[in-house]
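In what follows, a structure is listed as structure tokens, so that the remarks can point back to it.
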Amino acid sequence: MEIRSDAIDGYNCVFLKGRLDIEGTQAVDLKFTALTATQRVPVMVDLSEVDFISSIGIRMLATNAKTLHSYGAKMVLVKPQLVVTEILRSTGLDQLIPIVDNVTDAADLLSATV
């Protein structure tokens, strides 16, 4: 599992690549938290190169999104692959963290008030 971050449209964007299974999530969990919840700023999480997500990966996303929300910031998931989108929707995570197809839609959601 790989993780990197960059600023896009003035927002923090975290890019994940690989599998968010037990091994992959453990490999990026601390850095993901450092790049998201501890920053207390709106975050786009690019999932376009994540080809699988398990319950532990979902938990990592949900936990950090809830922490951000408590600070008045949001998280948006951007461009997940179809199989990942189906898993996220089947678990209801899309009710907590919006899923969008592009950076423009993500920026629009992040700029709206909590």
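R0 = 25 Å: FRET efficiency of LEU82 with LYS31, Cβ-based, nearest 0.05? Write out the running numbers ahead of the final one.
Details: r = 26 Å, r/R0 = 1.06.
For R0 = 25 Å, the calculated efficiency reads 0.40.
Please give the charge dipole size of the chain, origin at the Cα centre, charges +1 on K and R Cβ atoms and -1 on D and E Cβ atoms. Round to the nearest 20 debye.
Numbers: 10 positive and 14 negative charges, 81 e Å.
Dipole magnitude for the chain comes out near 380 debye.
Quickly work out the LYS17-to-ARG89 label distance, labels modelled 7 Å from Cα along the C-beta direction, and quote it in nm with one decimal.
Distance between label points: 2.7 nm.
Taking Cα pairs under 8 Å and at least six residues apart, what relative contact order does the chain come out at, in percent?
Numbers: 204 pairs, mean separation 28.4, N = 114.
Worked out over the chain, it gives 25 percent.
Provide the percentage of antiparallel DSSP beta bridges, counting only those with both residues in the chain; round to the nearest 5.
Working: 7 of 21 bridges.
Of all bridge pairs located within the chain, approximately 35 percent are antiparallel.
Quick one: how many lysine pairs does the chain have with C-alpha atoms less than 17 Å apart and a gap of 8 or more or different chains? Give me the count, please. Please report the intermediate quantities before stating the final value.
Working: LYS17/LYS31; LYS17/LYS79; LYS31/LYS66; LYS66/LYS74.
Pairs that pass both the separation and distance tests number 4.
Of the candidates MET75, MET44, MET60, which one comes out as most mobile in a Gaussian network treatment of the chain with C-alpha springs shorter than 10 Å?
It is MET60.
Looking at (1) 39; (2) 17; (3) 12, which value of percent of Cα pairs over 24 Å apart comes from a calculation on the structure shown?
Answer label, from the structure shown: (3).
I want to verify a result. In a Gaussian network model of the chain, Cα cutoff 10 Å, which of these has the top mean-square fluctuation: SER70, SER54, SER90?
With Cα springs under 10 Å in the chain, the top fluctuation among SER70, SER54, SER90 is at SER90.
What residues have an amide H closer than 5 Å to that of ASP21, excluding those fewer than 5 places away on the same chain, when H is modeled at 1.01 Å from N in the peptide plane?
SER54
What Rg and what Dmax come out for segment 5-65 when only alpha-carbon atoms are used, in angstroms?
Over segment 5-65's Cα set, Rg and Dmax evaluate to 11.0, 32 Å.
How much length would be gained if the chain were fully extended between GLU2 and SER70, taking 0.36 nm per residue of separation minus their Cα-Cα distance, in nm to one decimal?
Details: separation 68, 0.36 × 68 = 24.48 nm, distance 2.71 nm.
So the extension gain works out to 21.8 nm.
What FRET efficiency would be calculated for the residue pair ALA62, THR104, taking the C-beta separation as r and a Förster radius of 25 Å, to the nearest 0.05? Please report the intermediate quantities before stating the final value.
Details: r = 25 Å, r/R0 = 0.99.
Rounded to the nearest 0.05, the efficiency is 0.50.
So, counting K/R as plus one and D/E as minus one, what does the shell of residues with Cβ under 12 Å around THR67 add up to? Write down the numbers at each step before the final one.
Numbers: positive: ARG40, LYS66, LYS74; negative: none.
Overall, the nearby charge balance is +3.
Amide H of VAL43 versus every other amide H placed in the peptide plane: which residues, excluding those fewer than 5 positions away on the same chain, fall under 5 Å?
Those lying under 5 Å, H to H, from VAL43 are LYS74, MET75, VAL76.
Where the centroid of each part is defined by its Cα atoms, how far is segment 58-91 from segment 1-32 in Å?
12 Å
Kindly write out, for segment 34-41 in residue order, the coupling ³J(HN,Hα) from the Karplus curve 6.51 cos²θ - 1.76 cosθ + 1.60 (θ = phi - 60°), rounded to whole Hz, with x marking Gly and Pro.
5, 8, 10, 4, 6, 7, 6, 10
Give a residue-ordered list of calculated ³J(HN,Hα) values for segment 86-101 (Karplus: 6.51 cos²θ - 1.76 cosθ + 1.60, θ = phi - 60°; whole Hz; x for Gly, Pro).
Whole-Hz 3J(HN,Hα) from phi for segment 86-101: 4, 5, 4, 6, 5, 8, x, 5, 5, 6, 8, 10, x, 10, 10, 9.
Rule-based calculations on the coordinates, nothing more; no lab input. Every value quoted in this text rests on a predicted model; they were computed, and no experiment measured them. For neighbour counting, all protein chains shown are included, and Cβ atoms are generated from backbone atoms with ideal geometry for every residue, glycine included.
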